[in-house]
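Here's the structure, in structure tokens; my notes come after.
The values are calculated or read from the model by the stated rules, or taken from the named source; none is laboratory data. This structure is a prediction, so every number in the text was calculated from the model and none was measured. All Cβ positions, glycine included, derive from the backbone under ideal geometry; neighbour counts span all protein chains shown.
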Amino acid sequence: MRAAVITVSDSGYRGEREDLSGPAIVSMLEEAGYEVVSTILLPDEEKMLADEMSRIADEGSADLILTTGGTGFSLRDRTPEATKSVVDRDVPGIPEAMRSYSMRYTERAMLSRAAAGIRGQTLIVNMPGSPKAVKECLEFILPALDHGLGILLGRDTNCAR
């Protein structure tokens, strides 16, 4: 399956901070057998992010888009809003599962506003912004994402557990 990774960070976009979360996602996806077709670093600009997610999904260039960053309480954190504005169907269980799992490590996980949804045949999932949280969450949800994407793409019709 093909994946795109979008890092959302004003300071990263300006070159003031190294992006560690995006490369962590790429590494884990490639290790799991995904083809990472694009990596993008964007500022915390809702319209820019929404346009980019829409473009990738509408072109059909990726089956999965993972974003990292922009899911907190800062006024500039608009990743969930951008995601919700472009998806056709919400998938609330994915961010709920990530928050629940992350609560084992920090009570601050409850502050995540991450969202997930489907646009056409592309699943979009907001990941945390920190490399540590990205690794924990992606490791936890990746097996379920594989199954869900198989169903979404018509490759996995066995829905039994």
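Laid out as a table, the results:
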{"item": "Residue that is free of Cβ contacts under 8 Å to residues at least 12 places away in the same chain, surrounded by fewer than 17 Cβ atoms within 10 Å (Cβ to Cβ) and not in a helix (DSSP H, G or I), where the choices are 150, 154", "result": "154"}
{"item": "Test set (1) farther than 26 Å from residue 45 by Cβ; (2) in contact with a Gly (Cβ under 8 Å, 6 or more places away or on another chain) - residue 89 fails condition number", "result": "(1)"}
{"item": "Tally, over the range 114-123, of residues that are touching a Leu at 6+ places or on another chain (Cβ under 8 Å) and either of a type in the set (A, V, I, L, M) or surrounded by 24 or more Cβ atoms within 10 Å (Cβ to Cβ) (or both)", "result": "4"}
{"item": "Residue within the range 121-144 that is in a helix (DSSP H, G or I) and farther than 20 Å from residue 30 by Cβ present", "result": "no"}
{"item": "Residue match in the range 36-58 (condition: touching a Leu at 6+ places or on another chain (Cβ under 8 Å), closer than 17 Å to residue 133 by Cα and of a type outside the set (Phe, Trp, Tyr))", "result": "no"}
{"item": "Check on residue 95, assigned to a helix (DSSP H, G or I), crowded, with 17+ Cβ neighbours inside 10 Å and not basic (Lys, Arg)", "result": "yes"}
{"item": "Every residue from the range 9-35 that is in contact with a Leu (Cβ under 9 Å, 6 or more places away or on another chain) and charged (D, E, K, R)", "result": "19, 35"}
{"item": "Of the criteria (1) at pLDDT below 95; (2) closer than 17 Å to residue 44 by Cβ, which one residue 105 fails", "result": "(2)"}
